[in-house]
Amino acid sequence: MALFEHAPDRASIYEVSPRDGLQNERATVPLLGKLRLVEALALAGLRRVEITSFVSPRWIPQLADADEVAARAVAPPGVVYSALCPNAEGLRRAQAARLQEVAIFASVSETHNRKNVNKTVEATLAGCEEVAGLALAAGMRVRAYVSTVWGCPFEGEVDPKRAVALARRFVGMGCYQVSLGDTIGVGTPRQTERILHAMFDEVPSERIALHMHDTRGTALANVLVGLELGVRDFDASVGGLGGCPYAPGAAGNLATEDLVFMLQGMGVETGIDLERLVEAGKVAESVVGRPLPGKVHQAGGARIRHPSSPPRLG
Ligand code: HMG
Ligand code: MG
């Protein structure tokens, strides 16, 4: 039986550490530390980076300097910086900073959604529609997150049909991509297969990204399922920084180094220089001032060759 027959030649990584990572740190990282991190990520070859969040500073004080971060982080040619926007005020701030892309978001489960943005899912989608309409009219790109797809910290299991319905709504709003979030890192491979089969009945796989938190160590296993089923876009966070402050237990996004190490070993090109990425992870660790959990971050890996990688034939 041949495994990985459908693994692609290339995959794309969307980096979330300056937003999903830093929003969950106890200590607020100073502005210059944030800018150093963003710069190190772009240097490593990441082409899409979510650099901050234009949410309420009362809700996420760690990112209260979003306006300064976005204004001062100048994207090199070919690199797109994005930011999370919960409402029209967030978009106004993103536009003032001249960002070209924003990310909107809603949860599948009502309880997580309310704890996260203080609204029902339906009211949140109405707000997202407004933001998407305004952003697209201004020539920006819009990405969307559907959160708690694999499970909710308050409601438990979630029906994949509800995730499909939300993803369809976001595609209908004109989002170029919908990122499915395992917000609390509870997903397992067969569940991922079920969710993606349900999703691809109604939403093309090219529009879907996976945003896996690695809380229980299953993120890469779920990525493999996604790769095999046609997903080509994955979110990750250098060093494994990350979480969601309104989802208890959400600590730890999939570490970008771990994802790149695995993909490169499988012959899947990402355009990222792993050695420089490991350096970016060191910058992340130094600016947050605590050890980070990423496996490659801790063990290294930049110089290891993969004797098992098959040569690609055509
Ligand atoms: P609210 O308190 O219901 O909002 O918060 P409001 O509209 O009543 O406004 C309250 C105050 O906030 C007002 O100021 C507004 O001006 C201000 P006041 O008059 O009291 O001085 N305000 C804002 N200020 C700055 N920027 C804004 C903004 N909007 C209102 N954009 C709100 C509603 C949505 C604002 C709030 O709940 C919020 O900011 N929530 C964000 C929570 C968050 O960031 N969570 C983490 C991100 S989601 C995530 O991590 C999951 C993800 O990674 C995917 C996955 O893992 O599944 C994406
Ligand atoms: Mg997240």
Can you give me the long-range amide H partners of SER53? Hydrogens built in the peptide plane at 1.01 Å from N, cutoff under 5 Å, separation of 5 or more residues or another chain.
LEU84
Give a residue-ordered list of calculated ³J(HN,Hα) values for the range 147-155 (Karplus: 6.51 cos²θ - 1.76 cosθ + 1.60, θ = phi - 60°; whole Hz; x for Gly, Pro).
9, 6, 5, 8, x, 10, x, 10, 9
In the chain the accessible area split gives carbon plus sulfur, as whole percent at 1.4 Å, a share of 53
Might you tell me the accessible area per residue for the range 132-203, computed with a 1.4 Å probe and given in Å²?
41
Quick one: which residues, 5+ away or cross-chain, put their amide H under 5 Å from the amide H of ILE208? H built at 1.01 Å from N.
VAL178
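Just to be sure I understand: if I project the alpha-carbon convex hull of the chain onto a plane and average over all orientations, what area do I get in nm²?
15.1
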In a Gaussian network model of the chain with springs linking alpha carbons closer than 10 Å, the residue among LEU196, LEU32, LEU22 that fluctuates most is LEU32
Please list, ordered by chain and number, the residues whose modelled amide H lies under 5 Å from the amide H of VAL80; skip anything fewer than 5 residues away on the same chain.
ARG48, VAL49
Among VAL69, VAL79, VAL231: highest mean-square fluctuation, GNM of the chain, C-alpha pairs under 10 Å
VAL79
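Give the relative contact order (percent, whole number) for the chain; include only Cα pairs under 8 Å separated by 6+ residues.
20 percent.
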Of every Cα-Cα pair in the range 157-275, the percentage lying beyond 19 Å is 46
Counting only heavy atoms of the protein chains, get the accessible area per residue of the range 1-87 (1.4 Å probe) and round it to a whole Å² value.
45
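The values are calculated or read from the model by the stated rules, or taken from the named source; none is laboratory data. If you're wondering where the values come from, they're calculated on a predicted model, not measured in any experiment. In case anyone asks, the SASA skips ligands and DNA or RNA and just uses the protein heavy atoms, side chains included. Shrake-Rupley method; radii C 1.70, N 1.55, O 1.52, S 1.80 Å.
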